[in-house]
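Before any comments, here is the structure.
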Amino acid sequence: MSDLYHYMGGDLTTSPTGDLALASGVERGKQRLLRRLLTNPGDYLFEPDYGAGLGSEVGAVSNPAQVAARIRGQLALEACVAADPPPAVTLRADNDTLSVDIQYTDAPSGEPTTLSFDVS
C-alpha cells in the first residue's frame, strides 16, 4: 500500500515524471508516525483521539517521562511499529526545541528503523 509522499509541514513531492510521488514501506511508516505525533488531539473531526500534540511541549515545563509515555502510546496505535522489541524513545528539551529520537522495528519488513525530528 502507498500514501502520497508528504512530510508534515512540507509540500507534496512530485516524481521524476511530474506525477505526485508515492511513499511506501519504511518511508510511509515514518511519515505516518510523524503526522500522528505532531497532530494535536481533536484536530481531526472524526478521530478526536488521534495525535500526540508534541507541539504543545515546546517551551512548556513538562515531565519527559510522561511525554515519552504519550509517544509510546501513540506508536502502539500504528501498524508499522512492531510491539517486540518495544520502541525506544529519547527526548531532549532545549529552550524552544524538543528533539525526539525513536528507535523501532518496522513491522511489515522487520527492519530496525530510526525516526529523529525536532519540534520548535
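Tally Lys and Arg at +1 and Asp and Glu at -1 over the other residues with C-beta under 14 Å from the C-beta of residue 40: what net charge comes out?
-1
Using C-alpha positions alone, give me the convex hull volume of region 27-119 per residue in cubic angstrom.
It is 88 Å³ per residue.
Report the net charge of residues surrounding residue 89, where surrounding means a beta-carbon distance below 9 angstrom and charges are Lys +1, Arg +1, Asp -1, Glu -1.
Result for the local shell: 0.
Tally Lys and Arg at +1 and Asp and Glu at -1 over the other residues with C-beta under 13 Å from the C-beta of residue 116: what net charge comes out?
Combined, the nearby Lys, Arg, Asp and Glu give 0.
May I ask you to derive the FRET efficiency for residue 76 and residue 20 from their Cβ-Cβ distance with R0 = 22 Å, giving the value to the nearest 0.05?
For residue 76 and residue 20, the calculated efficiency is 0.15.
Run the simple label-point estimate for residue 45 and residue 103 please: 7 Å along Cα→C-beta, distance reported in nm.
Placing both labels 7 Å beyond Cα along the Cβ direction yields 4.3 nm.
Under 5 Å between amide H atoms, partner at least 5 residues away or on a different chain: which partners does residue 40 have, H built in plane at 1.01 Å?
Here the answer is 53, since their amide H atoms fall under 5 Å of that of residue 40.
Using just the helices of the chain, give the 222 nm mean residue ellipticity in deg cm²/dmol: DSSP H runs with n ≥ 4 each add -39,500 (n - 2.57), and the total is spread over all residues, rounded to 500.
That comes out to -7000 deg cm²/dmol.
Under unit Cβ charges (Lys, Arg +1; Asp, Glu -1), what dipole magnitude, rounded to 20 debye, does the chain have relative to its Cα centre?
Around 180 debye, computed over the chain.
I'd like the orientation of helix 64-75 relative to the chain: the angle between its Cα long axis and the longest Cα principal axis, in ° from 0 to 90, rounded to 10.
Roughly 30 degrees, rounded to the nearest 10.
Mind listing which chymotrypsin sites (Phe, Trp or Tyr not before Pro) in region 11-120 are in a DSSP loop and have 11 or fewer other Cβ atoms within 10 Å?
46
What's the exposure ranking of 106, 118, 94, going from fewest to most Cβ atoms within 10 Å?
Going from least to most buried by this count: 94, 118, 106.
Values quoted throughout were computed directly from the atomic coordinates according to the rules given, and no laboratory measurement underlies them. Please read all numbers here as calculations on a predicted model, not as lab measurements. Cβ: placed from backbone, ideal geometry, glycine included. Neighbour counts: every protein chain shown.
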